[in-house]
Amino acid sequence: MRKFWLWLSLAAAASGALPAVAATTTIGGVAVEFRVVASGFGRPVLAISPPGGEGLLVVEKTGRVRAIEDGKPGAVFLDLSSSVSGGNEQGLLGLAFDPDYVTNGRLYVDYTDRGGDTQIVAYTAVGGVADPASAKTLLSIEQPAANHNGGWIAFGPDGLLYIATGDGGGGGDPNGNGQNKDVLLGKILRIDIRDGQSYAIPADNPFAKGGGAPEVYLYGLRNPWRNAFDGDLLYIADVGQNAWEEIDVVGRRDAGANLGWNTMEGRECYPAGAVCVQGGFVVPIHVYSHDEGCSITGGLVYRGAALPALQGRYFFADYCSGVVQSLRFSGGAASDLASTADDLGSLGSVTSFGTDAAGELHVLTDDGQVLKMVAAD
């Protein structure tokens, strides 16, 4: 339904001053600014620093991965523009570097092909550039619609690859994919791809021995849009249908958990006014209504060194309102919610968050800008 294009991260600007895009705001008692450090990218969906590298690569929804050079799009690292479908919520949506990338050069992408289906493909980088001839398709997922594609892909602290999928689209999950453990839609998947050529099922996956598709790690998701690990915790931002946006946090003991969709939207029965059995679901740590926005953009937990008082805060935003918010999560509950709404208003259509090699937070917008959170002058 709604949700668009994602994140960039920026290595601090290799040259020149960084103009402030907005006034100062206070987050957790710290005065900060969001400064433009790059622009000109086409529907960016990710910015990521290769292991062992200092620069940043920007993944564009239209199919290219390009370096940031002097605040603008630079050298091409990978070009899949002829292979991806970039309409609606489709496109090149995710990239993850192998934990052993420095030695094996492997990387993995999540994209929607020309037929509209999700492809998880491995590549090997040679000479600092991904080799198109090295492409190896690891997993294909048929998509019944052009929206709710998920697209987040990342390695967890356990060295396994996690993949987020939407429910297949269509209002209200008409095929019931979220609650169907036998399909890969509306899920967080977990696979072992350590050989870079195929995938295996981790022995401790919750349905490895039956009861559901063995790749499934979590189910009951609508359209998870940007997730993030912080230690053993996984923060999931799930875009709602008509009423509620939500943030869920799960740990290793939650393997096999049900996040509720399409029985629940946020903390309420779905559809509105319905009567349902509410037990047995992961309860969101935070929700907000469509009076405040319409499409959550998940972020990350800040662990940078430049703003130590903000360490441990989870940042997120809304694509429609453009407002950045943050909270702390401890003891199973969220607290200390902060918003940039009063001081900054909208930063634009926020598509994602990212960090550079130093762990500093960046905000990405749909018009191709990368903004860095810095201490106010």
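Taken together, the values in this text are just the output of simple stated rules run on the coordinates, not laboratory data. Bear in mind the structure is a predicted one, so any value in this text is a computation, not a measurement. Note that we place each Cβ from the backbone using ideal geometry, even for glycine, and neighbour counts take in every protein chain shown.
Descriptive notes on the structure:
- Between Ser140 and Val275, the simple spin-label model (points 7 angstrom out along Cα→Cβ) gives 4.7 nm.
- If you plug the beta carbon distance of Asp100 and Val283 into 1/(1 + (r/R0)^6) with R0 = 41 Å, you get a FRET efficiency near 0.65.
- Fluctuation leader among Ala305, Ala145, Ala228 - the chain, Gaussian network, Cα springs under 10 angstrom: Ala305
- Using bins of 5 Å that start at zero, the share of Cα-Cα pairs per bin across the stretch 144-226 amounts to 3, 17, 25, 23, 18, 9, 4, 0, in whole %.
- Pairs of alpha carbons in the chain whose separation is greater than 32 Å (percent): 26
- Gaussian network model of the chain, springs between alpha carbon atoms under 10 Å - residue of Gly220, Gly210, Gly63 with greatest fluctuation: Gly210
- Site-free segments of the chain were taken between trypsin sites (Lys or Arg not before Pro) in DSSP loops having at most 11 other Cβ atoms within 10 Å, sites themselves excluded; the longest one is 210-377.
- Site pair Thr24 and Val129 shows an inter-label distance of 4.6 nm when each label is modelled 7 Å from Cα along Cα→Cβ.
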